[in-house]
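Visitor: Below you will find the structure I want to go over with you.
The values are calculated or read from the model by the stated rules, or taken from the named source; none is laboratory data. Here the structure is a predicted model, which means the values were calculated and not measured. Glycine gets a Cβ as well: all are built from the backbone with ideal geometry, and neighbour counts include every protein chain shown. Heads up: the accessible areas ignore ligands, DNA and RNA and are worked out on the full protein's heavy atoms, side chains in. Shrake-Rupley method; radii C 1.70, N 1.55, O 1.52, S 1.80 Å.
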Amino acid sequence: MLSTLEQHVSMLTHALAGQVQDERGIIPGIKKSSRISPQLALDIYRNNTRGARINSLEVIYPACRNILGDDTFRSIASAYVNADAVGASDLNRYGKAFSQHMDTILDTGRLPEEYSYLADLARLEFMVHAAYYADPDTEFDFELFEKQILNGEQINFQLSPSLGLLASAYPIHQIWQNNRPELNNRQRSHAIRAITDTQYLLVYRDEYIPVVVSVKTHEYQLLDAFANEHSLQDVVEQIGFDIDSVLPGLIANRWITGHCCPT
């Protein structure tokens, strides 16, 4: 059951999103001022909140913004913010569903087909953003891992909190590199070529710096299986390659940082 404070916070949050019922409930509780009315105070706070969220999206998705241009991006971002009734209270974690919003815009034809890669680009950009704010990695316990193997225990690997996985039919890595405003022309790879195979990307944090790398199909498949809580034993039975040649590298790179036994 929510406390009184939590109820007021929830009501204020929904009022700021423009929900009339919560707005009517919160206005009587706003301290009156000789300068502005409670309604005007709420309107000002609401506009400031929406502006802060739009600014956050501009920071999180600089490559998408660079491709679309400021006006188009802000229009799309504004529509997302208006449709997002509550959103994350922490702006550092805001905007995770922006790629789904981009999917909807593309599916309904509100952007030309030439921008069909933008939803995947948005997914990549949020992974990069989330990697920076992710929790620290844990240390892999090799002794415990060896004991569990010897005991025949079922093992589920835990991936780095900063790890993100993206499979795309577009050359997203190259598109992202070419549209990062902080890079100069020498740092950008100008050649963006169409691809015929799926591009498998991995995002992680190395010394507080988010890194994007292209990985091999079997590396991606292993990490994706572990991310979806498939046990090591299940994966070994299903894969068609030597896991012993791949697994040590995933642990050494700190993409796998722990393991546990299912309860």
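Visitor: Provide a single number: the residues in region 178-200 that are loosely packed, with under 11 Cβ neighbours inside 10 Å and modelled with pLDDT of 85 or more.
Guide: 2
Visitor: Name the residue that is farthest from A77 (Cα to Cα), counting only residues in region 88-103 that are of a type outside the set (D, E, K, R) and open to solvent by 70 Å² or more (accessible area, probe 1.4 Å). Please lay out each step first, then the result.
Guide: Here is the first cut: in region 88-103, the ones of a type outside the set (D, E, K, R) are 88-89, 91-92, 94-95, 97-102.
Keeping just the survivors that are open to solvent by 70 Å² or more (accessible area, probe 1.4 Å) gives 89, 100.
Details: S89: 17, Q100: 12 Å.
It comes out as S89.
Visitor: Out of the residues in region 164-177 that are of a type outside the set (S, T, N, Q) and touching a helix residue (DSSP H, G or I) at 6+ places or on another chain (Cβ under 7 Å), which is most open to solvent (accessible area, probe 1.4 Å)? Lay out the reasoning, then the answer.
Guide: Let us first name the residues in region 164-177 that are of a type outside the set (S, T, N, Q), namely 164-167, 169-173, 175-176.
Filter again for touching a helix residue (DSSP H, G or I) at 6+ places or on another chain (Cβ under 7 Å), leaving 164-167, 170, 172, 175-176.
Values: G164: 9, L165: 34, L166: 11, A167: 45, Y170: 78, I172: 0, I175: 15, W176: 24 Å².
The residue in question is Y170.
Visitor: Is it the case that some residue within region 250-257 is in contact with an Asp or Glu (Cβ under 7 Å, 6 or more places away or on another chain), in contact (Cβ under 8 Å) with a residue 60 or more places away in the chain, in a strand (DSSP E or B) and not acidic (D, E)?
Guide: Yes, that holds for at least one residue.
Visitor: Only one of these conditions is not met by D197: (1) closer than 30 Å to Y115 by Cα; (2) acidic (D, E); (3) within 18 Å of the chain's Cα centre (by Cα). Which number is it?
Guide: (3)
Visitor: Need pairs with beta-carbon distance below 7 Å; first residue farther than 14 Å from G95 by Cα and within region 49-74, second surrounded by 16 or more Cβ atoms within 10 Å (Cβ to Cβ) and of a type in the set (S, T, N, Q); sequence gap 6+ or separate chains.
Guide: Listed by first residue and then by second, the contacts come to A63/N179; N66/N179; I67/N179.
Visitor: Return the only residue of F157, F145, F140 being under 24 Å from I239 (Cα atoms) and either open to solvent by 60 Å² or more (accessible area, probe 1.4 Å) or in a loop (DSSP other than H, G, I, E, B) (or both). Outline the logic, then answer.
Guide: Numbers: F157 fails: either open to solvent by 60 Å² or more (accessible area, probe 1.4 Å) or in a loop (DSSP other than H, G, I, E, B) (or both); F145 fails: either open to solvent by 60 Å² or more (accessible area, probe 1.4 Å) or in a loop (DSSP other than H, G, I, E, B) (or both).
Being under 24 Å from I239 (Cα atoms) and either open to solvent by 60 Å² or more (accessible area, probe 1.4 Å) or in a loop (DSSP other than H, G, I, E, B) (or both) holds for just one of F157, F145, F140, which is F140.
Visitor: Please verify whether E229 is assigned to a loop (DSSP other than H, G, I, E, B) and under 23 Å from the mean Cα position of the chain (by Cα), treating the condition exactly as stated.
Guide: Working: assigned to a loop (DSSP other than H, G, I, E, B): yes; under 23 Å from the mean Cα position of the chain (by Cα): yes.
Yes; evaluated as a whole, the condition is true for this residue.
Visitor: If you take the residues in region 98-154 that are free of Cβ contacts under 8 Å to residues at least 24 places away in the same chain and basic (K, R), which one is nearest to Y170 (Cα to Cα)?
Guide: Ranking the qualifying residues of region 98-154, first place goes to R110.
Visitor: For region 232-260, which residues satisfy the criterion of being loosely packed, with under 11 Cβ neighbours inside 10 Å and within 26 Å of the chain's Cα centre (by Cα)? Even if it seems obvious, please write down each step before you answer.
Guide: The first filter runs over region 232-260 and keeps only residues loosely packed, with under 11 Cβ neighbours inside 10 Å, leaving 237-238, 240, 242, 244-245, 252.
Answer for region 232-260, where residues must be loosely packed, with under 11 Cβ neighbours inside 10 Å and within 26 Å of the chain's Cα centre (by Cα): just A252.
Visitor: Condition test on Y208, is it touching a helix residue (DSSP H, G or I) at 6+ places or on another chain (Cβ under 8 Å) and open to solvent by 40 Å² or more (accessible area, probe 1.4 Å)?
Guide: Numbers: touching a helix residue (DSSP H, G or I) at 6+ places or on another chain (Cβ under 8 Å): yes; open to solvent by 40 Å² or more (accessible area, probe 1.4 Å): yes.
Yes; evaluated as a whole, the condition is true for this residue.
Visitor: Identify the single condition in (1) in a helix (DSSP H, G or I); (2) surrounded by fewer than 16 Cβ atoms within 10 Å (Cβ to Cβ); (3) modelled with pLDDT under 95 that S75 does not satisfy, given that it satisfies every other one.
Guide: Of everything listed in (1) in a helix (DSSP H, G or I); (2) surrounded by fewer than 16 Cβ atoms within 10 Å (Cβ to Cβ); (3) modelled with pLDDT under 95, S75 misses just condition (3).
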